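Structure record follows, encoded as structure tokens.
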Amino acid sequence: MDDCCGRGQARYDDVFDDRFAADLARRYRRRGLTRPERRIAERLESDGVAGRSVLEVGGGIGAIQLELLRRGASSTTNLELSGAYEARARALLAEEGFVGRARRLIGVDIATDGAHVPTADHVVLHRVVCCYPNAGALLTASATHARRTVVFSHPPDTWLRRALVNTVNLAMRLRGREYRGYVHSPDAMYEALRVAGFTLEDVVRVGPWRIASARRA
Ligand SMILES: C[S@@+](CC[C@H](N)C(=O)[O-])C[C@H]1O[C@@H](n2cnc3c(N)ncnc32)[C@H](O)[C@@H]1O
């Protein structure tokens, strides 16, 4: 894998580890989708999900994909840089009978190594651009793989959020970890989609997240 910035996959495995995956799976089993996840699923359903394919970048345990498969998506592909989610994600897919419609790829970074990633009708990135140094490249590559829609969440660019991310990054550095969080310029991210041929349709606030939806022009 061409790694633009450091040790690549190991950086994500360190932080998005088995414990992180277990917490997500436990929460999902108890309470279902979070509010932002539900909003993303509903937004895609309003654009047409039945019979359509979905590519999720950094989809973790695949909660949004499970919901979209339930709503009739023909297939899902999940790209992850951490391998920690796989056992739990596969168990959830098996419980719902979706194994044959779901594909999971580990260690493929669409921004640097996307040539063999299949295109899809819809591309989703939830809580991912804030974990990746080059959000413009990630969104450009995501848009290139989307036939209809790109929906992604990002944190607001506020001083409070920057202070929080700086604090987390300091803690990471002190613990010798290479992972860093980012607060990217929302306008620059929307512009990356526009240049890739997409029209930004809406940005809604759901809790601490902004969820942006763009459609191929
Ligand atoms: C905060 S977690 C969110 C996981 C999931 N989307 C959720 O909301 O539960 C961010 C995830 O993005 C993944 N990630 C970051 N950059 C990525 C990339 N370029 N390709 C695939 N996964 C990526 C990380 O490995 C990590 O699992």
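Tabulated data for the structure shown
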{"quantity": "Residues of segment 129-145 satisfying the condition of being near the ligand (Cβ under 8 Å from one of its atoms), surrounded by fewer than 23 Cβ atoms within 10 Å (Cβ to Cβ) and closer than 24 Å to Ala73 by Cβ", "calculated": "none"}
{"quantity": "Ala91 being at pLDDT 95 or above, surrounded by fewer than 24 Cβ atoms within 10 Å (Cβ to Cβ) and more than 12 Å from the chain's Cα centre (by Cα)", "calculated": "yes"}
{"quantity": "Search result, residues across segment 167-217 that are of a type in the set (S, T, N, Q) and surrounded by 13 or more Cβ atoms within 10 Å (Cβ to Cβ)", "calculated": "Asn169, Ser213"}
{"quantity": "Odd one out for Phe20 among (1) in contact with a strand residue (DSSP E or B) (Cβ under 7 Å, 6 or more places away or on another chain); (2) within 12 Å of the ligand (Cβ to nearest atom); (3) in contact (Cβ under 8 Å) with a residue 60 or more places away in the chain", "calculated": "(1)"}
{"quantity": "Neighbours by Cβ (under 7 Å, 6+ apart or cross-chain): first from segment 130-156, more than 21 Å from Val204 (Cα to Cα); second acidic (Asp, Glu) and assigned to a strand (DSSP E or B)", "calculated": "Arg147/Asp121"}
{"quantity": "Every residue from segment 48-104 that is within 16 Å of the ligand (Cβ to nearest atom) and basic (Lys, Arg)", "calculated": "Arg88, Arg90, Arg103, Arg104"}
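To keep it simple, each residue is scored yes or no on (1) of a type in the set (Val, Ile, Thr); (2) more than 30 Å from Arg101 (Cβ to Cβ); (3) at pLDDT below 95.
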{"site": "Thr119", "(1), (2), (3)": "yes, no, no"}
{"site": "Cys131", "(1), (2), (3)": "no, no, no"}
{"site": "Gly136", "(1), (2), (3)": "no, yes, no"}
{"site": "Ser142", "(1), (2), (3)": "no, no, no"}
{"site": "His145", "(1), (2), (3)": "no, no, no"}
{"site": "Phe152", "(1), (2), (3)": "no, no, no"}
{"site": "Arg161", "(1), (2), (3)": "no, yes, no"}
{"site": "Asn166", "(1), (2), (3)": "no, yes, no"}
{"site": "Ser185", "(1), (2), (3)": "no, yes, no"}
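The values are calculated or read from the model by the stated rules, or taken from the named source; none is laboratory data. If you're wondering where the values come from, they're calculated on a predicted model, not measured in any experiment. We place every Cβ from the backbone using ideal geometry, glycine too, and count neighbours over all the protein chains shown.
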